[in-house]
Amino acid sequence: MTVSDNRLQKAISVLKESGVRITPQRHADLDYLLTSETHPTADEIYKSLESQFPNMSVATVYNNLRAFKELGLVRELTYGDNSSRFDCNMTEHYHILCLECGKIVDFHYPSLEEVESLAEQVTGFEVSHHRMELYGKCADCQEPMLRKQA
Ligand SMILES: [Zn+2]
Ligand SMILES: [Zn+2]
């Protein structure tokens, strides 16, 4: 069993326990999310699955994603543009975004808890969370000349 199969089984049992019916579409949506590491939008998921599910609409995909989100299976990411992206990596991580092609890659770094406690001390706030994004040009979008020799 691969890692994503394992995660898929877990996600499916969460759906079962909460009484959400596992339709073939929901199954496919979940599978797509778990195997893609691209943080897809509802539209991207719809486009890649529409040939398998001719009756599916973007709205259905979106509703499924919302249901997954309520159960804690995915996170919804917003980056200023009007299409939300969905991330099924629920472990703590940050994102690095390519300004050229819009690719989002997971970036692991210990959570910046020191920043939160410092901010609390300085401002008197009770900090609930923070977000940090890094921006730049991905390896594919860099000029070949400037790319480091392998
Ligand atoms: Zn890029
Ligand atoms: Zn992510």
GLY19 passes all but one of (1) free of Cβ contacts under 8 Å to residues at least 12 places away in the same chain; (2) surrounded by 13 or more Cβ atoms within 10 Å (Cβ to Cβ); (3) not polar (S, T, N, Q); which number fails?
-> (2)
Among the residues of the stretch 28-69 satisfying the criterion of being of a type in the set (D, E, K, R) and out of contact with any Lys or Arg (no Cβ under 8 Å at 6 or more places or on another chain), which is farthest from ILE96 (Cα to Cα)?
-> GLU50
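Just checking, does the stretch 122-143 include any residue being surrounded by fewer than 14 Cβ atoms within 10 Å (Cβ to Cβ), closer than 21 Å to ARG7 by Cβ and within 16 Å of ligand 2 (Cβ to nearest atom)? Break it down stepwise before answering.
Applying the first criterion (surrounded by fewer than 14 Cβ atoms within 10 Å (Cβ to Cβ)) to the stretch 122-143 yields 122-136, 139-141, 143.
Applying the additional criterion that residues be closer than 21 Å to ARG7 by Cβ yields none.
No - not one qualifying residue is present in the stretch 122-143.
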Exclusive hit being more than 16 Å from ligand 1 (Cβ to nearest atom), free of Cβ contacts under 8 Å to residues at least 60 places away in the same chain and open to solvent by 50 Å² or more (accessible area, probe 1.4 Å), set LEU77, LEU71 | LEU71
For the stretch 80-98, the count of residues that are without any contact (Cβ under 8 Å) to a residue 40 or more places away in the chain and either hydrophobic (A, V, I, L, M, F, W, C) or farther than 22 Å from GLY136 by Cβ (or both) equals 4
Which residues, taken from the stretch 83-110, are open to solvent by less than 40 Å² (accessible area, probe 1.4 Å) and either more than 16 Å from ligand 1 (Cβ to nearest atom) or over 30 Å from LEU8 (Cβ atoms) (or both)?
-> SER84, PHE86, ASP87, CYS88, ASN89, HIS93, TYR94
Yes or no: SER128 within 13 Å of the chain's Cα centre (by Cα), more than 12 Å from ligand 1 (Cβ to nearest atom) and among the small types (Gly, Ala, Ser)?
-> no
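The values are calculated or read from the model by the stated rules, or taken from the named source; none is laboratory data. Because the structure is a prediction, the values reported are computed rather than measured. For neighbour counting, all protein chains shown are included, and Cβ atoms are generated from backbone atoms with ideal geometry for every residue, glycine included. Note: accessible area is taken over every heavy atom of the protein model, side chains too, but ligands, DNA and RNA are not part of it. Shrake-Rupley method; radii C 1.70, N 1.55, O 1.52, S 1.80 Å.
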